[in-house]
1. I'd like the full set of residues that are of a type in the set (Phe, Trp, Tyr) and either touching a residue at least 60 places away in the same chain (Cβ under 8 Å) or within 18 Å of ARG96 (Cα to Cα) (or both), limited to segment 52-84.
2. So which residues in segment 42-66 are assigned to a loop (DSSP other than H, G, I, E, B) and of a type in the set (Val, Ile, Thr), if there are any at all?
3. Return the pair list, or none, for Cβ contacts closer than 8 Å from residues in segment 23-36 that are within 19 Å of ASP60 (Cα to Cα) and of a type outside the set (S, T, N, Q) to residues that are in a loop (DSSP other than H, G, I, E, B) and modelled with pLDDT under 85, at least 6 apart or on different chains.
4. Identify all residues within segment 84-106 that are touching a helix residue (DSSP H, G or I) at 6+ places or on another chain (Cβ under 6 Å) and closer than 16 Å to TRP65 by Cα; write none if there are none.
5. Tell me, yes or no, whether segment 56-76 has at least one residue that is touching a Ser or Thr at 6+ places or on another chain (Cβ under 8 Å), of a type outside the set (D, E, K, R) and surrounded by fewer than 19 Cβ atoms within 10 Å (Cβ to Cβ).
6. What residue, of ASP97, ASP69, is closer than 16 Å to GLU53 by Cβ, more than 13 Å from the chain's Cα centre (by Cα), modelled with pLDDT of 95 or more and not polar (S, T, N, Q)?
7. Please find, among VAL64, VAL68, the residue that is touching a His at 6+ places or on another chain (Cβ under 8 Å), of a type in the set (A, V, I, L, M) and closer than 19 Å to PRO4 by Cα.
8. Looking only at segment 1-55, how many residues end up being surrounded by fewer than 18 Cβ atoms within 10 Å (Cβ to Cβ), under 14 Å from the mean Cα position of the chain (by Cα) and among the small types (Gly, Ala, Ser)?
Amino acid sequence: MNAPLLVYDGDCGFCVSWVRAVERRVTDGVGVETAAWQDLDLDEPLRRRAREEVLLLHPDGRRVWGGVDVAAVLLLNSAHPYWRPLGSLLRRPVIRDAGAALYRWVARNRHRLPGAPTRWTTGE
């Protein structure tokens, strides 16, 4: 892997929509790859995590970010400098804790949220 890999749930319409928006608005031009966890050969600990939260895998394979930390890292490294202050805010303890709580709520309810059709609904 030569670039960071954003791993998401390809069977979740909300997740697919979120990743597509991030590709267009945040990571465009910084070389972040994306893949559904279902399409990857992940080891079991990463597979378990990927079922529960979005992951960002560092190209060296030694770092893995999850949940709200993925948002912070992507925003901090965005090609668009106006996103970086938000990424910095997400690193502050109180804001990070609030973001993590919101992330957990969204993750638990993601299948109820609107989003793009998934492979399951389109038959891919």
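The values are calculated or read from the model by the stated rules, or taken from the named source; none is laboratory data. Not measured: the values here are computed from a predicted model. When we count neighbours, we look across all protein chains shown, and the Cβ atoms used for this are built from the backbone with ideal geometry, even at glycine.
1. Initially, segment 52-84 is screened for residues of a type in the set (Phe, Trp, Tyr), giving 65, 82-83.
The answer is TRP65, TRP83.
2. Taking segment 42-66 as the starting set, the residues that turn out to be assigned to a loop (DSSP other than H, G, I, E, B) are 42-43, 53-54, 58-63.
The answer is VAL54, and nothing else.
3. The qualifying pairs are GLU33/MET1.
4. Passing the criteria: GLY87, LEU90, ARG91, GLY99, ALA100, TYR103.
5. yes
6. After applying the criteria, what remains is ASP97.
7. Numbers: VAL68 fails: touching a His at 6+ places or on another chain (Cβ under 8 Å).
Checking each option against the conditions leaves just VAL64.
8. Matching residues across segment 1-55 total 3.
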